[in-house]
Structure formats: C-alpha cells, structure tokens
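The values are calculated or read from the model by the stated rules, or taken from the named source; none is laboratory data. Please read all numbers here as calculations on a predicted model, not as lab measurements. With ideal geometry, Cβ positions are generated from the backbone for all residues, glycine too; neighbour counts draw on all protein chains shown.
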Amino acid sequence: MTNNEIDLSETMNCIWANKWKVILITFVTVIISLFFKLNSKIPETVFLAKTEIMPISTFDDYEYSAFNTFIINKESPGLNSYILKDLNNEDISLTINFQDIGIPNNNYLRQINKNYLFDLFIEKINQKELFVKGIKKFNIIKKENYQNIKDYDSAVIRLSSSIKISNTQKKGEPQFIEFETVSKKTWEELLYFVETSANSEIKDYLENNFKLFISSSNRLRKYSIEDIEFEIANNLEDELIVSKLKKIKKRKEENKIIERLDYLFSNTPIMKSDNFSASKFNIQSTKFKERKVENYSTKKVIIISIILGALLGIFYVLITNVIQKETSRDIIK
C-alpha cells in the first residue's frame, strides 16, 4: 500500500472510531441552528412604492386665466414717454417717463399656471427638508435606537436621501417618486404630510412675492410722482409744461392698474381657496412592488446545519487525533 492509501485509511478509521463525537457535534449544531431559527424575527416584507406626481387640472389652471391675461397685456396701456416741449428746430426737449402707467417690470411678478406651479412643487420636494420632518413626525426611524441625536439625524437624512424623484426633461411626461418601505400606511401618511406642507409653503411664497411686487410698485409710483413735482417746481415760468406735468401727475395718482391686479390676484386660488394646490401625489394609485427577502425554511436550516455540523465534527476529530499523536511522540522522546 502507498503512503497516501495508508493516510486515507488511517483518516477513515479515526473518523469511524470517533463517530459518536462527530454525531454529537452535528446534533448540537442542529439544535443551536434551530434555536436561532425559531427565535429570530421573521424578515419584514419590503415594498418598492412608486407614486405619480400630478400637476393641477386644466380646470384649476383656468382659474388663473384672468390674472395671467392682465399680465400679458401689461405693455399695452399708455405711452412710454411724453414729450412736453419741442421748440421746432431748437435742440431742447423735456421728456417725462411714466412707464408705471402700465405694470412695472418686476422679478416678483409672473404668470401663474400649471407648469409654473408644478416646477415649484418639484423644486420644493427635491429639497428633502419636508421628508426629514415627516420621517421624524411619524417616527419612521426610532430615535431610541441611536446613542445620540447626531447619529439619529444622520440616519434620518440618509433615509430621506434614498427617496428618488424622477427627473424628466420632457414636458408632459409623468414624474414619479419612489421609496422602499415596510409599511404601506406609513408611506401614504408621509406623502400626505409632504404634499400638504409643500403646497402650504408654495402658497405662502406666491402670496409674499406678490406683496413684495405691490410694495415695490407703489414705491416706484411714489418716487415718480416726486420726480414730477420736482420738475413742476423747476418749470414754474412755463405754464404749458406745468400744465402737462400736472396732468401726468394726476394720471399717475389716479391710475388703477396695480389695484386691479391686486384684485385679480385676490380672486385666484392662492388667496380664496382653503385647499390651494400647486401639485399633488396620486396616493390612491400608488403601486407597491414586493421585494423578496431570503428566508430559509426549517427543513433547509436542518440540512445545512447537519452538513456544517458533520464537517465541524470531522475537523475536530482529526485535529484532536493529530495533537494526540504529537503528544505521544514527545513523551516517547
């Protein structure tokens, strides 16, 4: 017999001689595995939630039409300037600008339509601040699981960052928001909270912007009237100029464009509706796709633990046998 055959035969004899040790170790391994299996928590089902973000309807958009039409025609009323004096061939003229007879150009004023409102809504939810507030409000992440507030806040921010909002460049193409959740109800509650909060903040933004526009426009009109009064004081010797200046001043003072615009704005959903909406989540139509989590059956656990237990038992027996041989040789020497 070769040395390899002798070694293999010796190994098999060793294992057979210590078979009860191998069986005992295998049995203990199976018992321990079953204990952990029976006492471990059943993995929670994870859902990939996909919710469409919807703009306001065409009917809601129509409620801004009067306000928008007035803005579109803002350049039509009045002249841009008025030449008060032109002395034939003389190179002398006095021109007074009165652009505020129309609507002043202002960064605070623009048309309000479904596209603009939708863009504001997307921008607001992309900031993720409202999701952070919602995650804390609904206790989606347990504060007690973290040693300090810094670790807790970091976990909340990471979770909010995992919320995906589709970024499409094509107008009219549906946009969605996606999130992995173990609770359908919690996700729906979070969406309701974010939708309500976002629309409320957008409403405040539009209202404050318009107030700034009104304030700026009235201030410009006041300055313009002061300029006319200054010109009147400097041209008292010319009755024609003074007369025309006074007419322009009166026209400015009696101009109602800003007041009319204020009235039209007050009749938009921003001011008159208790349920203003820039956009909304189509929560009722949310699609939940179950993500499978590996969960071994009891039978599979027993089979795997028997194999691992047997290998562990054989390894233990062989190592013990080698140690015993080395010890015997040392004693003989």
Query raised in the report: Are any residues in the stretch 182-191 over 13 Å from the mean Cα position of the chain (by Cα) and assigned to a helix (DSSP H, G or I), and if so, which ones?
Result: LYS184, LYS185, THR186, TRP187, GLU188, GLU189
Query raised in the report: Do you know which residues across the stretch 115-155 are under 12 Å from ALA198 (Cα atoms) and polar (S, T, N, Q)?
Result: ASN126, GLN127
**Report entry** Residues of the stretch 149-198 satisfying the condition of being in contact (Cβ under 8 Å) with a residue 40 or more places away in the chain and among the hydrophobic types (A, V, I, L, M, F, W, C)
**Finding:** ILE165, PHE176, ILE177, PHE179, VAL182, TRP187, LEU190, LEU191, PHE193, VAL194, ALA198
Query raised in the report: Out of all the residues in the stretch 122-132, which are outside any helix (DSSP H, G or I) and free of Cβ contacts under 8 Å to residues at least 24 places away in the same chain?
Result: GLN127
Query raised in the report: If you take the residues in the stretch 1-49 that are farther than 30 Å from PHE281 by Cβ and outside any helix (DSSP H, G or I), which one is modelled with the highest pLDDT?
Result: ASN18
Query raised in the report: Across the stretch 150-181, which residue is modelled with the lowest pLDDT among those that are in a loop (DSSP other than H, G, I, E, B) and surrounded by 14 or more Cβ atoms within 10 Å (Cβ to Cβ)?
Result: SER166
Query raised in the report: Looking at ASP227, ASP204, which one is more than 27 Å from VAL46 (Cα to Cα), assigned by TED's automatic domain parsing to the domain that holds SER285 and within 19 Å of the chain's Cα centre (by Cα)?
Result: ASP204
Report task. Output the residues belonging to the stretch 210-224 that are surrounded by fewer than 17 Cβ atoms within 10 Å (Cβ to Cβ), touching a residue at least 24 places away in the same chain (Cβ under 8 Å) and not hydroxyl-bearing (Ser, Thr, Tyr). Result -> LEU212, ASN218, LEU220
Report task. Please verify whether the stretch 78-99 includes one or more residues that are at pLDDT below 80, assigned to a helix (DSSP H, G or I) and closer than 30 Å to LYS247 by Cβ. Result -> yes
Query raised in the report: Within the stretch 133-149, which residues are surrounded by 14 or more Cβ atoms within 10 Å (Cβ to Cβ), assigned to a loop (DSSP other than H, G, I, E, B) and either of a type outside the set (Phe, Trp, Tyr) or in the same structural domain as GLU195 (by TED's automatic domain parsing) (or both)?
Result: ILE140, ILE141
Requested in this report: Return yes when ILE270 is among the β-branched types (Val, Ile, Thr) and either out of contact with any helix residue (DSSP H, G or I) (no Cβ under 9 Å at 6 or more places or on another chain) or within 30 Å of GLU201 (Cβ to Cβ) (or both) and no when it is not.
Outcome: yes
Requested in this report: Within the stretch 266-274, identify whether any single residue is out of contact with any Ser or Thr (no Cβ under 6 Å at 6 or more places or on another chain) and loosely packed, with under 12 Cβ neighbours inside 10 Å, and answer yes or no.
Outcome: yes
